Protein chains: 2
Amino acid sequence: MSFVVMKFGGTSLADLERIRNVACHVKREVDAGNKVAVVVSAMAGVTNQLVAWVREAAPLHDAREYDSVVATGEQVTAGLLAIVLQSLGIPARSWQGWQIPIVTDNAHGAARIKEIPGTRVRERLEQGEVAVITGFQGIEPERNRVSTLGRGGSDTSAVALAAAVKADLCDIYTDVDGVYTADPRIVPKASRLRKVSYEEMLEMASLGSKVLQTRSVELAMVHRMPVRVLSSFVAPEALEPVKAGTWDGAGTIMCDEDEIVEQRVVSGIAYAKDEAKITLLKIADKPGVAASIFGPLAEASINVDMIVQNLSADGKFTDITFTVQEAELPRALNVLKSVQKQLGAFDIKSSSEVSKVSVIGIGMRSHAGVAAQMFKALGEKGINILAISTSEIKISVLIDAAYAELAVRTLHSLYELGKD
Amino acid sequence: MSFVVMKFGGTSLADLERIRNVACHVKREVDAGNKVAVVVSAMAGVTNQLVAWVREAAPLHDAREYDSVVATGEQVTAGLLAIVLQSLGIPARSWQGWQIPIVTDNAHGAARIKEIPGTRVRERLEQGEVAVITGFQGIEPERNRVSTLGRGGSDTSAVALAAAVKADLCDIYTDVDGVYTADPRIVPKASRLRKVSYEEMLEMASLGSKVLQTRSVELAMVHRMPVRVLSSFVAPEALEPVKAGTWDGAGTIMCDEDEIVEQRVVSGIAYAKDEAKITLLKIADKPGVAASIFGPLAEASINVDMIVQNLSADGKFTDITFTVQEAELPRALNVLKSVQKQLGAFDIKSSSEVSKVSVIGIGMRSHAGVAAQMFKALGEKGINILAISTSEIKISVLIDAAYAELAVRTLHSLYELGKD
């Protein structure tokens, strides 16, 4: 017998037919003797409709009211799934975020979970009742208001609940059957990873792989909670019921790296298209100049990623190139214009026609030469590298957007990540 | 300065444009210095969609889950209206039933309000913040579950809240501009009542006038809360702001009868089409026979309205005629079939082709002859009376459904209720 948290996203709950399919996945686990808590998103499209209404009501709006409105989508699916489970003879009840309670801070619209008292739900699970819990939301206790975790927050809810009820496994059901070595739409030969370490998954999530929300991966890593990614779009009977400790089978399991026996040097290739590059030309080269540029950007909450600095030919001036999220480019340019007035004249150039391509793998720690191989392969294809950033287990390069898919395919072959 | 509760139904909140119109009605009161709590229904059609999903999930379903799902509609409109009010510069916040809390019993789907601690909301109102409160719902405190009051329950929420916050007036905004002497679709000359007593309104509500929910009228009567019915479909500036104690102007005000100076003998004519008649023929006439029939019906929670009993020609048998709600006719017939087995043979006849037409007026208490006039006028039109029931302030007759509209028009002229 295992304690399992099963999380289902909006496409898995898009209508009553799909909700019934989800109920059959839950029934498979209950029939095998497992204790199950289910975390649900809103029906696909519903949250978008609610957000559109809020924006129509007023472009600038109280985030507490926004949360109160958009949190209703999950309440609907939680109640409906509980009813369908009951109709299959499975004891079940729905729980809203405030009923558990899932306690969050007061950053409405992008709240962080602070605490989940899990004993009450755990007791009900032990008695054999399935708990159907609204994802994406909680309660801010000081003002007693509903809060939401931001888009994609249901993954985070699921992992946090799994930790709170001391589950053996957190299964994230989605519309893909696992984590791949690269985006299969770009690399048809991409293969499913059976296991991936938290560290690798964290890099993949933050580097543009959309399978899991970054915060949910961080949380799983902190709690060492095994998290599996698998598809709800298979027949419920095609999957084996969960058996704690044995992770073989469907999907991709995210776990401690020492549980991954056969390690590859490189596990996957990620890419992100929503990058923008800013180049500042001919800045007077004096101490403190970097601080005067990146300080104001940080104050405006603009994340700066890669940074490259070069001296200009005559040595008196310097050029600085860095990247920001494409969506933040207009705000970043505004901040830089006000800096321009203080620092004296420099030129600003920007482009959103850039992509970031990354090679990820925990094996890189003990293997030299991965970066060199990468730069050589890209060079041979005539792909120019605009900036580089690295961590212990990843190398990212910024390139012209037009070459992004070629780069991904090239690197996927280079590290022999394909099937067979 | 007055404390006002304003309640808006689903057609008044059907889309953002209508919600903005509602906000302008609220603004008119706030600008006049009034303190306002707003009670909202769900957008028109939304609750029906939610109910349809629940029924599709399972025809027999847990009422607690039903409540959890259908209560979301009001959460959406409450949040949206709060946002629109804020955008007009009016401090406002939404309150869900469990946040106030509106404490109910555990009869999920048709819960009754037990208690509303009103001081916290009252304090916020005094500070000038508009409270936008979800109608139709509350919380059952023992299991901490969301409960709903049944369809039309938002009227009851509004009156209960008005009593809890000690409001001066409860304004119910709807799609008609008041209570009429008869249904204007049947009697084009029907006139709007300026004032109506609680007792009269209670009879009208329970006799088929759909303007207010019966329970809300009972509650208003218990608390002696002045309730006004008026239309949200007029320009917000066309209405005068509320001034406590002066009820002249738009709509119909429901108040104590001693506040109604010019009393008419008859105030209005109501009719109900959803009646069904059951006749039991040739029952052995012995003591206790009525109890053996109406006891089992009461146990099955079937409301019996009018009852007529006649001896048959030979004196050994009796015939009993009574009415039930049309929707309960099949259940009533089932109960009677089981009674038939115990009491011995009798015949059962039933018809739903009957209507109940009622004459209502507090003046009837001190005026004899109202009934005699009524029976004579109906007789002159050739309308046969199948059953009669009376109270201190109303006379109801059951007639063939085909004559219902003729009867209403006849009685409306008889008591001179028309315009001019």
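Pairs under 8 Å by beta carbon, first residue at the interface with another protein chain (Cβ under 10 Å from one of its Cβ atoms) in region A:36-61, partner basic (Lys, Arg) and in a helix (DSSP H, G or I), six or more apart or different chains? The qualifying pairs are A:His61/A:Arg55.
A:Ala82 meets all of the listed conditions (1) surrounded by 24 or more Cβ atoms within 10 Å (Cβ to Cβ); (2) in a loop (DSSP other than H, G, I, E, B); (3) within 8 Å of chain B (Cβ to nearest Cβ) but one, namely (2). Inspection of region B:3-22 finds a residue satisfying the criterion of being buried (at least 21 other Cβ atoms within 10 Å of the Cβ) and among the basic types (Lys, Arg).
For every residue, the table says whether it meets (1) in contact with a strand residue (DSSP E or B) (Cβ under 8 Å, 6 or more places away or on another chain); (2) in contact (Cβ under 8 Å) with a residue 40 or more places away in the chain; (3) not hydroxyl-bearing (Ser, Thr, Tyr).
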{"residue": "A:Asp285", "(1), (2), (3)": "yes, no, yes"}
{"residue": "A:Gly288", "(1), (2), (3)": "no, no, yes"}
{"residue": "A:Leu297", "(1), (2), (3)": "yes, no, yes"}
{"residue": "A:Thr318", "(1), (2), (3)": "yes, no, no"}
{"residue": "A:Thr321", "(1), (2), (3)": "yes, yes, no"}
{"residue": "A:Leu329", "(1), (2), (3)": "yes, yes, yes"}
{"residue": "A:Ala345", "(1), (2), (3)": "yes, yes, yes"}
{"residue": "A:Ser350", "(1), (2), (3)": "yes, yes, no"}
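Please tell me if A:Ala368 is out of contact with any His (no Cβ under 8 Å at 6 or more places or on another chain) and part of a helix (DSSP H, G or I). For A:Ala368, the condition - out of contact with any His (no Cβ under 8 Å at 6 or more places or on another chain) and part of a helix (DSSP H, G or I) - is not met.
Going by the structure shown, is A:Val26 touching a Pro at 6+ places or on another chain (Cβ under 9 Å), among the aliphatic types (A, V, I, L, M), closer than 23 Å to A:Ala244 by Cβ and buried (at least 20 other Cβ atoms within 10 Å of the Cβ)? It is true that A:Val26 is touching a Pro at 6+ places or on another chain (Cβ under 9 Å), among the aliphatic types (A, V, I, L, M), closer than 23 Å to A:Ala244 by Cβ and buried (at least 20 other Cβ atoms within 10 Å of the Cβ). For residues that are modelled with pLDDT of 90 or more and among the small types (Gly, Ala, Ser), tally how many sit in region B:234-271. Final tally of qualifying residues: 6.
None of B:Gln49, B:Gln99, B:Gln75 is among the polar types (S, T, N, Q), under 21 Å from A:Thr134 (Cβ atoms) and surrounded by fewer than 20 Cβ atoms within 10 Å (Cβ to Cβ) except B:Gln49. Mind listing whichever residues of region B:62-73 are among the hydrophobic types (A, V, I, L, M, F, W, C) and either in a loop (DSSP other than H, G, I, E, B) or more than 8 Å from chain A (Cβ to nearest Cβ) (or both)? Answer for region B:62-73, where residues must be among the hydrophobic types (A, V, I, L, M, F, W, C) and either in a loop (DSSP other than H, G, I, E, B) or more than 8 Å from chain A (Cβ to nearest Cβ) (or both): B:Ala63, B:Val70, B:Ala71. All told, B:Ala372 meets the bar of being of a type outside the set (Lys, Arg) and either outside the structural domain of B:Ser350 (by TED's automatic domain parsing) or over 24 Å from B:Thr279 (Cα atoms) (or both). Any residue in region B:377-392 that is basic (Lys, Arg), without any contact (Cβ under 8 Å) to a residue 40 or more places away in the chain and surrounded by fewer than 16 Cβ atoms within 10 Å (Cβ to Cβ)? Scanning region B:377-392, I find at least one residue that is basic (Lys, Arg), without any contact (Cβ under 8 Å) to a residue 40 or more places away in the chain and surrounded by fewer than 16 Cβ atoms within 10 Å (Cβ to Cβ), so the answer is yes. Please specify each residue of region A:1-47 satisfying the condition of being of a type in the set (Gly, Ala, Ser), out of contact with any strand residue (DSSP E or B) (no Cβ under 8 Å at 6 or more places or on another chain) and in a loop (DSSP other than H, G, I, E, B). If the condition is that a residue be of a type in the set (Gly, Ala, Ser), out of contact with any strand residue (DSSP E or B) (no Cβ under 8 Å at 6 or more places or on another chain) and in a loop (DSSP other than H, G, I, E, B), then A:Ala14, A:Ala32, A:Gly33, A:Ala42, A:Ala44, A:Gly45 are the ones that fit.
Checked against (1) over 16 Å from the mean Cα position of the chain (by Cα); (2) farther than 19 Å from A:Phe3 by Cα; (3) buried (at least 19 other Cβ atoms within 10 Å of the Cβ), A:Val242 passes all but a single condition, namely (2).
For (1) touching a residue at least 12 places away in the same chain (Cβ under 8 Å); (2) in contact with a Gly (Cβ under 7 Å, 6 or more places away or on another chain), each residue gets a yes or a no:
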position	(1), (2)
B:Val165	yes, yes
B:Asp168	yes, no
B:Asp177	yes, yes
B:Thr181	yes, yes
B:Pro188	no, no
B:Leu193	yes, yes
B:Ser197	yes, no
B:Glu200	yes, yes
B:Leu207	yes, no
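Evaluated against (1) within 24 Å of the chain's Cα centre (by Cα); (2) at the interface with another protein chain (Cβ under 7 Å from one of its Cβ atoms); (3) over 20 Å from A:Lys7 (Cβ atoms), A:Glu140 falls short on exactly one condition, (2).
Going through (1) surrounded by 15 or more Cβ atoms within 10 Å (Cβ to Cβ); (2) in contact (Cβ under 8 Å) with a residue 40 or more places away in the chain one by one, B:Phe233 falls short only on (1).
The set of residues from region A:180-217 being in contact with a Ser or Thr (Cβ under 7 Å, 6 or more places away or on another chain), within 13 Å of A:Ser358 (Cβ to Cβ), part of a loop (DSSP other than H, G, I, E, B) and modelled with pLDDT under 90 comprises just one member, A:Leu207. Across region A:152-170, the number of residues qualifying as of a type in the set (D, E, K, R), outside any helix (DSSP H, G or I) and touching a helix residue (DSSP H, G or I) at 6+ places or on another chain (Cβ under 8 Å) comes to 1. Across region B:90-127, the number of residues qualifying as in a loop (DSSP other than H, G, I, E, B) and within 11 Å of another protein chain (Cβ to nearest Cβ) comes to 6.
The values are calculated or read from the model by the stated rules, or taken from the named source; none is laboratory data. Because the structure is predicted, anything quoted here is derived from the model rather than measured. Counting neighbours? That spans all protein chains shown, and the Cβs are built from the backbone with ideal geometry, glycine included.
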